[in-house]
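Here is the structure we will look at.
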Amino acid sequence: MSRNADHLSMPERIDLSENDDDNARRLLSEYGEDLLYVGGKNWAVWDGLRYSFEGGELAAFEVGSKLRALVDAEADFAATEWEPPEWRLRRMCFDEPRKYSTLDEAKDGLRADTAARLRKHAVKCGNVAKIKAALESLAHRRRAVVEDLDRDPFQFICANGQVDLLMARKF
């Protein structure tokens, strides 16, 4: 799971639409802190130590390809654990009394319909065009400039950690 302030709960994700912008929000929710878009350099992906541009576009696509699994998880949650708001269930009973005579029937129907809708969307989210569109929509939310990545000239990251030249000078 992401260290992201934009994290959405599963019920919040279920309410997202099936469009590129909301697919970007799904990726942002779970993997946003692992991705950074820098104009002129493309995608950087967190490698555990730093944001790396090495294979950035391909690495970002690897993250984006997890979109289908995210939507599948939403469908699984909707089918079994989701507790729809009572007002929505009451509205279903009012609008379609022959189909839903109890709140439990409405809940089961809404869960099944929502899960089916999300499963259908998950299949589409496996398409390259959908993944690329979600990443394109995500870029403006995770944009940075190169200067943001190297703010402190006295610190740098190496394979075994961070070196702070000002702290090292004290020793």
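Since Val71 meets every condition but one in (1) under 20 Å from the mean Cα position of the chain (by Cα); (2) over 20 Å from Asn23 (Cβ atoms), which condition does it not meet?
All conditions are met except number (2).
Within the stretch 31-44, take every residue that is of a type outside the set (Gly, Ala, Ser) and surrounded by fewer than 22 Cβ atoms within 10 Å (Cβ to Cβ) and give me the one that is modelled with the lowest pLDDT. Spell out how you get there, then give the answer.
Filtering the stretch 31-44 down to residues of a type outside the set (Gly, Ala, Ser) leaves 31, 33-38, 41-43.
Of the ones still in play, those that are also surrounded by fewer than 22 Cβ atoms within 10 Å (Cβ to Cβ) are 33-34, 37-38, 41-42.
Numbers: Glu33: 90, Asp34: 92, Tyr37: 93, Val38: 91, Lys41: 87, Asn42: 91.
Across the stretch 31-44, the extreme among qualifying residues is Lys41.
Hey, among the residues in the stretch 52-77 that are in contact with a strand residue (DSSP E or B) (Cβ under 8 Å, 6 or more places away or on another chain) and surrounded by 19 or more Cβ atoms within 10 Å (Cβ to Cβ), which one's nearest to Met10 (Cα to Cα)?
It comes out as Val63.
May I ask you to list pairs of residues, at least six apart or on different chains, whose Cβ atoms are under 6 Å apart, with the first in the stretch 39-67 being closer than 15 Å to Arg141 by Cα and the second being part of a loop (DSSP other than H, G, I, E, B)?
As it stands, the answer is Ala44/Phe53, since those pairs meet every condition given.
Tally time: how many residues in the stretch 121-140 are in contact (Cβ under 8 Å) with a residue 60 or more places away in the chain, assigned to a helix (DSSP H, G or I) and either in contact with a helix residue (DSSP H, G or I) (Cβ under 8 Å, 6 or more places away or on another chain) or more than 19 Å from Gly32 (Cα to Cα) (or both)?
11
The values are calculated or read from the model by the stated rules, or taken from the named source; none is laboratory data. Just so it is clear, the structure is predicted and the values come from calculations on it, not from any experiment. Note: ideal-geometry Cβ built from the backbone for every residue, glycine included; neighbour counts use all protein chains shown.
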